[in-house]
């Protein structure tokens, strides 16, 4: 509940800061967004690459586990038929 209240207060401050009748930070906010956009897009790209690599590793691990499970089932099936 406290996090929601703090979030609403910060959103209200942001809107008030951008309005010309209060702090008139609009041009500075736009300049900041223009400056941080390339850096932010690079960080998001790096994060996407890491997520993709982790996904590929997870798929390979799942395939190994599935193969081991099939081998285990086949071995027990053969042992069950031999008795």
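The values are calculated or read from the model by the stated rules, or taken from the named source; none is laboratory data. Please read all numbers here as calculations on a predicted model, not as lab measurements. With ideal geometry, Cβ positions are generated from the backbone for all residues, glycine too; neighbour counts draw on all protein chains shown.
Residues satisfying the criterion are absent from the range 44-62 (criterion: at pLDDT below 95 and in contact with a helix residue (DSSP H, G or I) (Cβ under 7 Å, 6 or more places away or on another chain)). Within the bounds of the range 47-65, is there any residue that is more than 30 Å from residue 17 (Cα to Cα) and not in a helix (DSSP H, G or I)? No, the range 47-65 has no match at all. Hey, any hits in the range 1-14 for a residue that's modelled with pLDDT of 90 or more, outside any helix (DSSP H, G or I) and loosely packed, with under 10 Cβ neighbours inside 10 Å? Yes - at least one qualifying residue is present in the range 1-14. At pLDDT below 95, in contact with a helix residue (DSSP H, G or I) (Cβ under 7 Å, 6 or more places away or on another chain) and assigned to a helix (DSSP H, G or I) - does that describe any residue in the range 22-39? Yes, because at least one residue in the range 22-39 is at pLDDT below 95, in contact with a helix residue (DSSP H, G or I) (Cβ under 7 Å, 6 or more places away or on another chain) and assigned to a helix (DSSP H, G or I).
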